[in-house]
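For reference, the structure discussed in these notes is given below.
The values are calculated or read from the model by the stated rules, or taken from the named source; none is laboratory data. For clarity, every value in this text was computed on a predicted model and none was experimentally measured. Cβ: placed from backbone, ideal geometry, glycine included. Neighbour counts: every protein chain shown. Heavy atoms of the whole protein, side chains included, go into the accessibility calculation; ligands, DNA and RNA do not. Shrake-Rupley method; radii C 1.70, N 1.55, O 1.52, S 1.80 Å.
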Amino acid sequence: MKCDFKKLTLEEKIAFLTGADAWRTSSANGKFHQVFMSDGPNGLRMQNDDGSTKISTAMPTLSLVAQTWDKELAYLDGETIANDCIENGADILLAPGVNIKRTPLNGRNFEYLSEDPYLAGVMAREYIKGVQSKGVGTSLKHYCGNNREMHRFTQTSEIDERALNELYLRPFEIALEAEPWTVMCAYNPVNGVFASENRQLLYDILRKKFGYKGLVVSDWGAVHSPYKAVRATLDLCMPCDERYAENLKMALEKGYITEEDIDFCVGNILNLIEKTKNAKKKINYTKGDRHANALKIAKGGMVLLKNEDGILPLKDGGQYLVAGGLSKEPILGGGGSAFVQTDYKQTPLAHLLKDKLPKAEVEYSGEPCRSRGDCNRVDVQGAKKSYIKAFGKDAVIIIVGDAHESESYDRVSIKLDPEYVTAIKAMARVNENVVVLLNAGSAVDVSEWIDDVKALLLVGYAGEAANEATASVLTGETNPSGKLTETFPIKLEDTFTGSETGDGFSEWYNDGVFVGYRYYERYGIDVMFPFGYGLSYSEFRYDNLKVEKKGYCDFIVSYDITNISEKDGAEISQVYVRDVFAMVVRPEKELKGFEKTYLKAGETKRVSVDLDFRSFAYYSTAYSKWHVENGLFEILVGSASDDIRLSLCVDIELPDDTQQSQY
Ligand code: GLC
C-alpha cells in the first residue's frame, strides 16, 4: 500500500528528506516506521550508544570475497551479514562498495572488489541478492568516481564520457540488476559537480538511463546544498542536517525548486519505509553457521602467488617455524566504517598447524614484531633468536602485513614496512625454504624479496576465520583456488597514477579506459602478478572451445576443463573479448565472463559462458550510446589475463544502418 503523503504538511515532508539522527530516517512524529541503516561491507558495524561497536561476524573483506570469483560465495557472504543485521535491527546494510581500484594506494581498496568493472559488478550483484534475500536492504556505493580517500570531500574526479561509462559507472549498472534498495552518492565531485547535487549522475544516468527506481541516499555529510540535492533528486540526506527546513523554504520561495521536486524525493523515502516495514526478515544461520560461512569464503579467496619446488602444502612430519606476531593476531580487515568488531578468538596459526599435522614439529617465534597493535619497535634480540630457530627447518612460515589500509586516508607506499623486509631477507639467508603469508587488503610491492622466498600466499584481510583458513590452505586440506582481481605491479612507479594524489581540487583521469590490466597490456608494462592470476595444488587443462552463434551479438562460449592432477580442486576460467579492429582505441582485451568450476581429481566438466551485445560494445561518444562495430572479434579463454589457453574468432555483422559508412 503506497503511503498517501499528500496529507503530509510541507514541514513533515521536508523533515523526511534528512535523517532523524545519524542512522535513522524521520518518523514524522511517530507516524512512520524509522528505517535503520548500518555499515558495512565486511560485516555489520553498528555503534553502541557509548560509541563502541557491537559484536558481529567479521567476514572476509570484499576484496577477498571477490578473489573467490565465486558468485555463490558472494551471495552467501551477503546472506550471512544480513543475519547479523536482522539480529540487531538494521533495515539497510550500507554496502557493497564497487568503486574501481584505479590506484593500489586507495585506502579503501580492501572494501572494494576489482580493477575490472565486469567482475566488480557481477560479484556485487550477487552479494546484494544475498543480503536482500533476507529482507534487509543494501546501499550500492559510492556513486561514483570515488577512487581515492585523499581529498575525497573536495577533489573532482574528472572522467571522460567513455571511461565514465565503460569503467566507473559499469559496476553500478551491473549491480543494479539486483535492485538494491538504495544507492549511496559519493562525497567527491564528478566532472566539477558534487555527486550529491549532480543531476546528470543521479537523474539522467541512474534513474532515466539505468532505470533505477529506488532511493538515493547521500554519503554521510556529502550534501552541500539541500535544495540543489533535492533538485538533483538526491532523496535522503544523512545524517540529520538541520539546514534543510530553512534552506528548502528559501528555495521554494525563490522558485529554485518546486513542491513536486520535494514530493518526488519524499515518495522514494516513503516507498523505502514501506519496503522495510513489510520486509520478511528471516534469520537462517546461527552464530556458529556465520563463522563457518566466513571460513568457507576465506578458504576460497586466498591466492597462492608462488609455490616453488612444491614446498606447499606442508608435509606432516616436517619441522616448521611460524614467525610473526600476526600469526597470533592477524589483521582481519581495514579501518573506518567497514571495521567489524568480532568476539571470535583467533587460535594461533602454529597451534592450528600442529593440530592438522600431528607428526610435525611446529615452533613459534614472535618476530617480526609487528602485531595488530602496530608496534614500532623491532626487538633485535628477539629477531636474532627467531633466525636461530629458523635454522634447519623444513620451512619457515613468516606472516607479514599491511596495517595501513583504511577509510579516510590512502597509503603512501605499496611496500611493506622495512622491518618486515629485513625479517624476510634475514630468514631467507638462514633458511632457503621461506613461505610468506601476505596479510594485506590490496596490492603490495613484493619485488625486494620475492626471489628470496619459495612460496607466497596472499591471505588477504580474511575476517575472523583468517587463521583457520590459512592453516587449511597451508596443509592442503583446502586446495587454494582464489585469483587476483587487481594487478600486483612490480613497483608503484609502474602504475599510471604512481604516487600522484591530485591537488585537492581536481584529478584528471587521463588514463581513460586503460586502468589495471587494460593499462599494463596497452603499454607493455611488466607486472609482478597479473589480473586473474592464482596458483593451485592441482593443474587444469582446457580443451574443445566452441562458440555457438545465437544472434547478431549473442554467442554461447563453451569449453572443457579437466583436473589433470590427483587432487580435487577448483579452477577460475576467464573469458575475454578482443576487438580485432576498431575505429576507436580499445583495450587489448576485456573480461566479459568467468566461471569457477569445482573438479575432482581427473574430472572433466564443460563450462559455458554467454556473451551478448554488451560483451562486444564500447561506449561511443559519437553516438552517445553503447555501440558494436561490425568485424572480427577474438574470444579468449584463459586461466589468467596473461595465460590464454583457447581462442576463436567470431565475425559480427550487424545491419548496415547501425554502422558508420565504410571508407
Ligand atoms: C562513511 C563512508 C560510507 C559509510 C558512511 C556511514 O563516510 O564513506 O561508506 O557507509 O559514511 O558510516
Review point. Over all distinct Cα pairs, what is the inverse of the mean 1/r for the chain, reported as the Kirkwood hydrodynamic radius in Å?
Key: 25.8
Review point. Leaving out same-chain residues fewer than 8 places away, which lysines sit with a Cα under 23 Å from that of LYS287?
Key: LYS54, LYS71, LYS129, LYS134, LYS296, LYS299, LYS328, LYS345
**Study point:** Cα point-scatterer Debye curve for region 96-209, base-10 log of I(q)/I(0) at q = 0.10, 0.11, 0.21 Å⁻¹
**Key:** -0.26, -0.31, -1.17
Check your understanding: If you average the sequence gap of Cα pairs under 8 Å that are 6 or more apart and divide by the length of region 593-647, what percent do you get for the contact order?
Key -> 19
Exercise for review: Considering only protein heavy atoms, with the full assembly of protein chains and a 1.4 angstrom probe, order ARG125, ARG231 by accessible area, largest first.
Suggested key: ARG231, ARG125
Review point. In the chain, carbon and sulfur make up what percent of the accessible area (probe 1.4 Å)?
Key: 50
**Study point:** Solvent-accessible surface ranking, highest first, for ASP355, ASP343 at 1.4 angstrom
**Key:** ASP355, ASP343
Practice item. Give the residue from THR597, SER573, CYS649 lying farthest towards the positive end of the charge dipole for region 540-658; charges sit on Cβ (+1 for Lys and Arg, -1 for Asp and Glu) and the dipole is referred to the Cα centre. Key: THR597
Point to revise | Relative contact order computed over region 540-658 (Cα-Cα under 8 Å; 6+ residues apart), in percent | key: 28
Practice item. Determine how many Å³ per residue the convex hull of the Cα atoms of region 540-658 encloses. Key: 90
Check your understanding: Between PHE210 and GLU548, what FRET efficiency comes out of the Förster formula 1/(1 + (r/R0)^6) with R0 = 25 Å and r the beta carbon distance, rounded to 0.05?
Key -> 0.25
Check your understanding: How much area per residue is accessible in the chain when the probe is 1.4 Å and only protein heavy atoms are counted (Å²)?
Key -> 37
**Study point:** Gain in span if fully extended, TRP626 to PHE153, counting 0.36 nm per residue against the direct Cα distance
**Key:** 167.2 nm
Review point. Relative contact order for the chain: what is it in percent, counting Cα pairs under 8 Å that are at least 6 residues apart?
Key: 15
Exercise for review: Hand me the tally of lysine pairs in region 438-592: alpha carbons under 26 angstrom apart, and the pair either on different chains or 8 or more positions apart.
Suggested key: 15
Point to revise | Gain on full stretching of the segment that runs from ASP452 to ILE283 - 0.36 nm per residue minus C-alpha separation | key: 56.0 nm
Practice item. Any chance you could tell me what percent of the C-alpha pair distances in region 5-276 go past 36 Å? Key: 9
Study note, to complete from the structure: Among SER52, ILE398, CYS237, the residue whose Cα sits farthest towards the positive end of the charge dipole of the chain, when +1 is placed on the Cβ of each Lys and Arg and -1 on the Cβ of each Asp and Glu, is SER52
Review point. For the modelled label position 7 Å from the Cα of PHE581 along Cα-to-Cβ, which residues of region 629-663 have backbone nitrogen atoms closer than 12 Å?
Key: 630-633, 662-663
Practice item. Would you mind checking region 428-452 for residues with the amide N under 15 Å from a putative spin-label position 7 Å along Cα→C-beta of THR422? Key: 428
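Can you compute the FRET efficiency between GLU259 and GLN659 using 1/(1 + (r/R0)^6), with r the Cβ-Cβ distance and R0 = 51 Å? Round to the nearest 0.05.
About 0.60, to the nearest 0.05.
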Practice item. Keeping all protein chains in position, work out how much accessible area VAL527 exposes to a 1.4 Å probe, and write it in Å² to the nearest 10. Key: 40
Exercise for review: Calculate how many DSSP beta bridges within region 5-276 are antiparallel, expressed in % of all such bridges and rounded to the nearest 5.
Suggested key: 25
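Can you tell me the dipole magnitude for region 144-200 around its Cα centre, using point charges on the Cβ only (Lys, Arg +1; Asp, Glu -1), in Debye to the nearest 20?
Its charge dipole is roughly 180 debye.
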Check your understanding: Just how far, in whole angstrom, is region 574-631 from region 544-571 if you go by their alpha carbon centroids?
Key -> 14
Revision key, fill the gap. Percent antiparallel among DSSP beta bridges confined to the chain, nearest 5, equals 60
**Study point:** Magnitude of the charge dipole, region 5-276, Cβ model with Lys/Arg +1 and Asp/Glu -1, debye to 20
**Key:** 360
Review point. How big is the charge dipole of the chain about its Cα centre, in debye rounded to the nearest 20, if each Lys and Arg gets +1 on its Cβ and each Asp and Glu gets -1 on its Cβ?
Key: 1360
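Considering only region 300-529, what is the antiparallel percent among its DSSP beta bridges, to the nearest 5?
25
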Practice item. Just read off the accessible area of HIS33 with the full protein assembly in place, 1.4 Å probe, to the nearest 10 Å². Key: 60
Point to revise | With DNA, RNA and ligands ignored, accessible area of SER608 (1.4 Å probe; Å², nearest 10) | key: 60
Review point. What are the extents of the Cα atoms of region 300-529 along their three principal axes, listed from largest to smallest and rounded to whole Å?
Key: 58, 38, 35
Point to revise | Calculated FRET efficiency for the pair LYS600/ASP316, C-beta based, R₀ 25 Å, to 0.05 | key: 0.65
Review point. For the charge dipole of region 1-140, defined by +1 on Lys and Arg C-beta atoms and -1 on Asp and Glu C-beta atoms about the Cα centroid, which residue among LEU10, THR61, ASN29 has the Cα displaced farthest towards the positive pole?
Key: LEU10
Study note, to complete from the structure: The simple spin-label model distance between SER27 and ASP651, using points 7 Å out along Cα→Cβ, in nm, is 7.0
Revision key, fill the gap. In terms of the alpha carbon gyration tensor, root eigenvalues a ≥ b ≥ c, rounded if a/c is under 1.5 and otherwise prolate when a/b exceeds b/c or oblate, region 1-122 is prolate
